[in-house]
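Here is the structure we will look at.
The values are calculated or read from the model by the stated rules, or taken from the named source; none is laboratory data. Note that the structure is a prediction, hence the values are computed from the model and not measured. Here the Cβ positions follow ideal geometry from the backbone for every residue, glycine too, while neighbour counts run over all protein chains shown. SASA here: full protein model, heavy atoms, side chains in, ligands and nucleic acids out. Shrake-Rupley method; radii C 1.70, N 1.55, O 1.52, S 1.80 Å.
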Amino acid sequence: MRNFIFISPHFPTNYENFCVQLHENGVNVFGIGDTPYENLTDSLKAALTEYYKVDSMEDYDQMYRAVAFLCYKHGPMDGLESNNEYWLEQDARLRTDFNIPGMKTVDMEHVKYKSKMKPYYAKAGITTARYHLVTDLSESLEFVVKVGYPVIVKPDNGVGATTTYKLKNEDELRAFHEEDFHGVQFIMEEFVPGEIYSYDAIMNSRGEPIFETGNHTPISIMDSVNNHDDSVFYIEKHIADDVRTAGRAAVKSFGVKSRFVHFEFFRLTEDHAYLGKKGKIIGLEVNYRPSGGFTPDMINYACSTDVYKDWADMIAFDRLTKEDYPDKYYCVSAGCRKEKHYLHSYEEVMAAYKDDIMMTTELPEVLASAMGDRLYLARFSTKEAMDDFISYVFAAA
């Protein structure tokens, strides 16, 4: 590995660590972004061999010209990545146009479209919710006759929960169909009574995991966004065996290689006539990038590692260069809403848990809808201690 282009190295801010670690591994790292060079941090500037500013990263012509310039000046590129869901298709298009190793445009269909993921889950032996692609009201009504209310509707190609809806009756279904979504294709799925667990891993060039962990989301992100509920999820101290098995099977079915992945599953919280018995793992969706926000940092706190370096080691050497650390923890993300009144103030939370809180910050609006306005990241040796912390933070006034 000699030359590598990192797309948007400045945002999200913690992603500059991927560039820093690549540079430390002896790779020439070239950044393309839309912020002025002088606004980059000193550590990012030091990690980049060259930075090319574009006016808009949405303008493919500008992105194409940026890659063309860097290839002309520095030679062929051995990799190109953003580790960001938003740029996934553009990354693939750039790799295709410049013949850079990695996923190409032809690989995108089953990566981006939730409906196209279903056959790959089936190939892996993993059950998924029944679905139909939304057309008109009559077909949606027919689907509901088969699966019952509630149903979940969300963009077939999309990320996050900001346009995900839980329709509980025919009035809500009819109201949804009266909305103008400007041509967005929605997928409708039967409701899965479960909590979300994830398989987070770094895969080498043979599709083998060189690092594995996972998180648990006991409060639905969809409900958190739509109802402005508290937001909480945590990195597991040890990933459950059935989640690991499902994650590895899905990785093999989808053919993932040389990537950071975040695969999401439901664990049924009750028996379901079609999906199976309580506790069964159900496929939700695949993401070919790290889990969002500060999750990479949470993984570091929980696993006593540095996943930025782990990823850079995979890119540069196709293996980890350090031994696994035995110290493992639970690391929780607890997000509070500014419009809610809590029993304990920020100052009281910090005083009570000063030795456990690894980071706290106020989040920008783009992240706050899903993660809360005031975020605490804290780690604990036991689940009981973590649960006590969650109860303390979210206690209502």
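What to note about this one:
- Residue within segment 218-226 that is open to solvent by 10 Å² or more (accessible area, probe 1.4 Å), at pLDDT 95 or above and not in a loop (DSSP other than H, G, I, E, B) present: no
- Total residues in segment 114-128, condition touching a residue at least 40 places away in the same chain (Cβ under 8 Å) and open to solvent by 30 Å² or more (accessible area, probe 1.4 Å): 4
- Selection from segment 285-303 of residues that are modelled with pLDDT of 95 or more, touching an Asp or Glu at 6+ places or on another chain (Cβ under 9 Å) and open to solvent by 20 Å² or more (accessible area, probe 1.4 Å): Arg289, Asn300
- Phe186 vs. criteria closer than 29 Å to Phe260 by Cβ, of a type in the set (A, V, I, L, M, F, W, C) and touching a residue at least 40 places away in the same chain (Cβ under 8 Å): yes
- Residues of segment 125-142 that turn out to be touching a strand residue (DSSP E or B) at 6+ places or on another chain (Cβ under 8 Å) and either in a helix (DSSP H, G or I) or under 19 Å from Ala250 (Cβ atoms) (or both), as a count: 8
- Meets criteria (under 18 Å from Asn287 (Cβ atoms), among the β-branched types (Val, Ile, Thr) and either open to solvent by less than 50 Å² (accessible area, probe 1.4 Å) or at pLDDT below 95 (or both)) for Val111: yes
Here's the yes/no breakdown for (1) acidic (Asp, Glu); (2) at pLDDT 95 or above; (3) open to solvent by 20 Å² or more (accessible area, probe 1.4 Å):
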position: Ser345; (1), (2), (3): no, yes, yes
position: Tyr353; (1), (2), (3): no, yes, yes
position: Ala368; (1), (2), (3): no, no, no
position: Phe389; (1), (2), (3): no, yes, no
position: Tyr392; (1), (2), (3): no, yes, yes
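- Considering residues of segment 247-264 that are open to solvent by 10 Å² or more (accessible area, probe 1.4 Å), part of a helix (DSSP H, G or I) and touching a Gly at 6+ places or on another chain (Cβ under 8 Å) only, the residue nearest to Glu195 (Cα to Cα): Ala249
- Check on Met188, buried (at least 20 other Cβ atoms within 10 Å of the Cβ), over 17 Å from the mean Cα position of the chain (by Cα) and more than 30 Å from Val393 (Cβ to Cβ): yes
- Among (1) in a loop (DSSP other than H, G, I, E, B); (2) within 30 Å of Glu339 (Cβ to Cβ); (3) among the hydroxyl-bearing types (Ser, Thr, Tyr), the one test that Thr305 misses: (2)
- From the options Asp306, Asp313, residue that is open to solvent by less than 40 Å² (accessible area, probe 1.4 Å) and in contact (Cβ under 8 Å) with a residue 60 or more places away in the chain: Asp313
- Residues in segment 12-33 that are farther than 11 Å from Trp311 by Cα, touching a strand residue (DSSP E or B) at 6+ places or on another chain (Cβ under 7 Å) and not aromatic (Phe, Trp, Tyr): His23, Val27, Asn28, Val29, Gly31, Ile32, Gly33.
- Matching residues in segment 318-343 - criterion: being surrounded by 14 or more Cβ atoms within 10 Å (Cβ to Cβ) and under 26 Å from the mean Cα position of the chain (by Cα): Asp318, Leu320, Lys328, Tyr329, Tyr330, Cys331, Val332, Ser333, Ala334, Gly335, Cys336, Arg337
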